[in-house]
Amino acid sequence: MSRLVPCSRLLLRRSRAVPRGLLRAASDVGMEELLSRSVPPLPPYETKEKAPPPAELRSAEFMRYYRGLAGPPRAELLTRLARDFGVDHGRVAEFSAKVLQAREQQRELGALLQAEDRLRYYLNPRYRGLFQHLGRLEGGLRFLVELRGDLVEGLASKEVDGPHVKEMSGVLKNMLSEWFSTGFLNLERVTWQSPCEVLQKISDSEAVHPVRNWVDMKRRVGSYRRCYFFSHCAIPGEPLIVLHVALTSDISSSIQAIVKEVEPLETEDADKITTAIFYSISLTQQGLQGVELGTYLIKRVVKELQKELPQIKTFSTLSPIPGFTKWLVGLLSSQTKELEKNELFTDSERQELSQITGDCTTETLKKLLNNNEWVRSEKLVKALHLPLMRLCAWYLYGEKHRGYALNPVANFHLQNGSVLWRINWMGDTSPRGIAAACGMMVNYRYFLEDTASNSAAYLGTKAIKASEQVLSLVSQFQQNSKL
């Protein structure tokens with residue numbers, strides 16, 4: 001299916017239609033004046049309730065000016081906004097001292113609370129006022145999402161950098177989290193009768209299993225399939241985050257069975273449906289990265305499915321395992337440097353692999369894993385099955401970042417209260433699936449009556465709830481592999 005580049009990705013790219021010299025001139029001339037006019041001053045604390053109304057014309061001028069920039073000039077504007085219109089550190093230091101003084105002098109509670117309120121007020125950066133004014137404009141919320149997308153992309157590419165820019169991105173993320181809370185979100189179902197523009201956006205935003213063509217798209221919104229998205233009341237009809245669901249009779253172990261190229265089935269037999277498989281969730285707006293939408297979308301969709309198909313009792317994902325192959329290759333490299341051999345495979349496994357490949361050095365294993373060709377050999381697929389399954393189980397269950405699951409998809413679903421249910425060998429045989437996780441996928445199962453307690457246990461004690469299959473593989477890893 002023809003791909004449309006998301007709006008947010010266009011914002012930091014230089015427009016080919018505008019000469020480079022003009023872009024530089026637009027960046028240099030008037031940028032400082034525009035920022036001074038557009039960013040409202042922080043009123044004194046005593047008059048904060050009597051602040052003048054938002055200057056809509058100036059906010060609109062900022063939007064037009066910003067959208068007229070691209071590339072380095074736009075990055076320069078963001079950098080200046082973050083650096084020159086942030087928190088007044090002098091005032092913060094002054095009122096921090098007054099809070100401490102009120103505590104030390106043991107003044108009455110009212111005086112202490114007022115001192116704290118003053119400090120809290122002056123901790124607001126000036127650009128927050130601009131964002132608030134922009135959010136009130138027609139089209140302003142969409143613009144702020146795009147601007148945050150620029151910040152996220154710019155920080156990742158180093159086009160914009162520094163603590164001030166990172167802080168501004170965080171401030172705007174927190175503001176968007178309030179504006180995009182569940183009360184303002186609408187759940188919408190996508191069908192083949194949905195507007196063409198919506199279907200195109202759903203296709204373009206599919207980040208997990210790319211849509212091949214219109215027939216594929218028709219299948220994904222047809223019989224035994226559901227597709228939902230959240231939109232915002234201020235941006236109606238615009239998908240923000242999309243969830244694809246397969247309605248099945250059991251927990252799926254292969255993504256190819258779900259997205260295979262077949263004609264959409266004409267009729268749906270509800271008696272055959274007992275299970276809902278969440279097989280793809282994609283954020284369509286880069287500017288909403290870090291805003292909690294996915295958890296709420298899953299919960300809303302579960303309620304929607306329970307109303308439509310009350311016979312569904314099993315809810316599970318079929319999820320990718322991004323980063324597994326990269327982690328494993330890195331582990332092989334580090335072990336070779338330290339031990340001059342790897343201890344991830346047993347002697348008998350190394351011997352079997354050596355018989356197939358001619359040798360079983362770490363370099364040979366790394367080449368195998370970095371090349372999708374190994375899946376063409378039945379012998380290699382069979383020889384790697386058990387060792388890679390137990391290594392994957394450890395990666396999901398045992399590898400941690402600050403005490404939580406290292407894998408971001410695992411961390412997301414475990415935070416939601418799911419159970420690490422089953423690892424599926426050759427669950428995704430696409431080139432992307434082989435490259436990312438040696439073809440493996442994983443089910444995170446949601447037992448609705450236990451999600452709250454599981455989530456609390458994971459967030460509080462970092463305990464991962466896992467099935468017998470996963471725990472057995474972890475045990476095999478601990479017995480046969482050495483880190």
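The values are calculated or read from the model by the stated rules, or taken from the named source; none is laboratory data. On a predicted model such as this, the values are computed, not experimentally measured, just so you know. Here the Cβ positions follow ideal geometry from the backbone for every residue, glycine too, while neighbour counts run over all protein chains shown. Only protein heavy atoms, including side chains, enter the accessible area calculation; ligands, DNA and RNA are left aside. Shrake-Rupley method; radii C 1.70, N 1.55, O 1.52, S 1.80 Å.
At-a-glance table
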{"item": "Selection from the stretch 161-190 of residues that are outside any helix (DSSP H, G or I), under 28 Å from residue 307 (Cβ atoms) and modelled with pLDDT under 95", "result": "181"}
{"item": "Residue in the stretch 286-302 that is without any contact (Cβ under 8 Å) to a residue 60 or more places away in the chain, polar (S, T, N, Q) and either assigned to a loop (DSSP other than H, G, I, E, B) or out of contact with any Cys (no Cβ under 6 Å at 6 or more places or on another chain) (or both) present", "result": "no"}
{"item": "Lone unmet requirement of (1) within 21 Å of residue 293 (Cα to Cα); (2) in contact with a helix residue (DSSP H, G or I) (Cβ under 7 Å, 6 or more places away or on another chain); (3) not aromatic (Phe, Trp, Tyr) for residue 440", "result": "(1)"}
{"item": "Scan of the stretch 315-334 for residues that are more than 18 Å from residue 423 (Cβ to Cβ) and surrounded by fewer than 21 Cβ atoms within 10 Å (Cβ to Cβ), ordered by number", "result": "329, 330, 332, 333, 334"}
{"item": "Test for residue 391: is it farther than 20 Å from residue 255 by Cβ, open to solvent by 10 Å² or more (accessible area, probe 1.4 Å), outside any loop (DSSP other than H, G, I, E, B) and not polar (S, T, N, Q)", "result": "no"}
{"item": "Whichever residue in the stretch 367-380 is of a type outside the set (Lys, Arg), assigned to a helix (DSSP H, G or I) and out of contact with any helix residue (DSSP H, G or I) (no Cβ under 6 Å at 6 or more places or on another chain) and, among such residues, is surrounded by the most Cβ atoms within 10 Å (Cβ to Cβ)", "result": "373"}
{"item": "Hey, residue 67 more than 27 Å from the chain's Cα centre (by Cα) and either of a type in the set (Val, Ile, Thr) or open to solvent by 20 Å² or more (accessible area, probe 1.4 Å) (or both) or not", "result": "no"}
{"item": "Candidate set from the stretch 230-245 (those that are part of a strand (DSSP E or B) and touching a residue at least 60 places away in the same chain (Cβ under 8 Å)); member that is farthest from residue 300 (Cα to Cα)", "result": "235"}
{"item": "The stretch 191-211 - residue that is part of a helix (DSSP H, G or I) and touching a helix residue (DSSP H, G or I) at 6+ places or on another chain (Cβ under 8 Å) and, of those, farthest from residue 284 (Cα to Cα)", "result": "199"}
{"item": "Top-ranked residue of the stretch 211-228 - restricted to ones that are in contact (Cβ under 8 Å) with a residue 60 or more places away in the chain and open to solvent by less than 70 Å² (accessible area, probe 1.4 Å), ranked as farthest from residue 272 (Cα to Cα)", "result": "213"}
{"item": "Residue in the stretch 171-189 that is without any contact (Cβ under 8 Å) to a residue 12 or more places away in the chain and under 17 Å from the mean Cα position of the chain (by Cα) present", "result": "yes"}
{"item": "Condition met for residue 103 (more than 15 Å from residue 34 (Cα to Cα), free of Cβ contacts under 8 Å to residues at least 12 places away in the same chain and basic (Lys, Arg))", "result": "yes"}
{"item": "Hey, residue 100 surrounded by fewer than 19 Cβ atoms within 10 Å (Cβ to Cβ), among the aliphatic types (A, V, I, L, M) and part of a helix (DSSP H, G or I) or not", "result": "yes"}
{"item": "Some residue of the stretch 153-160 being in a loop (DSSP other than H, G, I, E, B), under 20 Å from the mean Cα position of the chain (by Cα) and of a type outside the set (S, T, N, Q)", "result": "yes"}
